[in-house]
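Engineer: One structure is given below, represented as structure tokens, and several questions about it will come after.
The values are calculated or read from the model by the stated rules, or taken from the named source; none is laboratory data. For clarity, every value in this text was computed on a predicted model and none was experimentally measured. Don't worry about glycine lacking a Cβ; one is built from the backbone with ideal geometry, like all the others, and counts go over all protein chains shown. Side chains included, ligands, DNA and RNA excluded: accessible areas come from the protein's heavy atoms. Shrake-Rupley method; radii C 1.70, N 1.55, O 1.52, S 1.80 Å.
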Amino acid sequence: MKYMEHLRSNNGIFQENIENTLEKHQAQPVGSGYIDIISDPMLVESLITELTTIGIAIYGVSWWCFCSDENRERHGCPHGMGGPKSVYREGWYSEMGLEYESFDIPLNVYDKFELSSVTVEDVSTLNDSIRNYIQEFSHDKRYDKCFNPALWLHVPREWKRIKYMKH
């Protein structure tokens, strides 16, 4: 069965697993879907591991600045535009501007997950590339300790969060 068909055929189970995983790892989606899910850098490794375990692929990463009084003093926050208030910490998120890179998987890999059957190993390999990118960028000279990665989950576009705005 193709990846997207598999997700759609078990959408209730997958969405409940995703929602529970996001809560467990204090990952905060920005909107009503499954893109721009902001993660604390200290929790992103375990988040990626659990998403991999439940069979959910990640296809991109963007960056958000965590703005708090302390970070404003230490790092000159905000580094970008506006964004949501954090539901897990005292502060808010600022979407990083275009001068900060984001990461998207190659189009041929994206298409494979859209149109083909994939294995557990395919999901793991893809998510490992996301993990590696985050680790590498966290050592880049442009990186600051207030930066938080936001994951983009490869799920059907029509899926809306089942726990949206319950915080």
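Engineer: Would you pick out the residues in the range 105-149 that are open to solvent by less than 50 Å² (accessible area, probe 1.4 Å), more than 24 Å from residue 38 (Cβ to Cβ) and under 19 Å from the mean Cα position of the chain (by Cα)?
Structural biologist: Listed by number, the list holds a single entry, 122.
Engineer: Continuing with this model, one more query. Can you name the residue in the range 144-161 that is touching a helix residue (DSSP H, G or I) at 6+ places or on another chain (Cβ under 6 Å) and either farther than 28 Å from residue 8 by Cα or charged (D, E, K, R) (or both) and is also modelled with the highest pLDDT among such residues?
Structural biologist: The extreme case among them is 146.
Engineer: Now for a different question. Six or more apart or on different chains, Cβ under 6 Å: which pairs go from a residue in the range 21-36 that's closer than 14 Å to residue 51 by Cβ to one that's open to solvent by less than 20 Å² (accessible area, probe 1.4 Å)? Could you list them?
Structural biologist: Here the result reads 25/47; 27/37; 27/39; 27/47; 29/37; 34/153; 34/155, each pair linking the range 21-36 to a residue that is open to solvent by less than 20 Å² (accessible area, probe 1.4 Å).
Engineer: Another question, if that's okay. Select from the range 91-113 the residues that are among the acidic types (Asp, Glu) and modelled with pLDDT under 90 and write down the one among them that is nearest to residue 62 (Cα to Cα).
Structural biologist: 101
Engineer: What are the residue pairs meeting all of these: first residue in the range 73-85, first residue free of Cβ contacts under 8 Å to residues at least 12 places away in the same chain, second residue open to solvent by 60 Å² or more (accessible area, probe 1.4 Å) and in a strand (DSSP E or B), Cβ atoms under 6 Å, and 6 or more apart or on different chains?
Structural biologist: 85/92
Engineer: Pairs under 6 Å by beta carbon, first residue more than 16 Å from residue 8 (Cα to Cα) in the range 109-134, partner small (Gly, Ala, Ser) and open to solvent by less than 40 Å² (accessible area, probe 1.4 Å), six or more apart or different chains?
Structural biologist: Once the first residue is more than 16 Å from residue 8 (Cα to Cα) and sits in the range 109-134, its partners that are small (Gly, Ala, Ser) and open to solvent by less than 40 Å² (accessible area, probe 1.4 Å) give 123/55; 123/57; 126/57.
Engineer: Among the residues of the range 10-49, write down those that are open to solvent by 10 Å² or more (accessible area, probe 1.4 Å), part of a helix (DSSP H, G or I) and more than 19 Å from residue 156 (Cα to Cα).
Structural biologist: Hits for the range 10-49 are 23, 24, 45, 46, 49.
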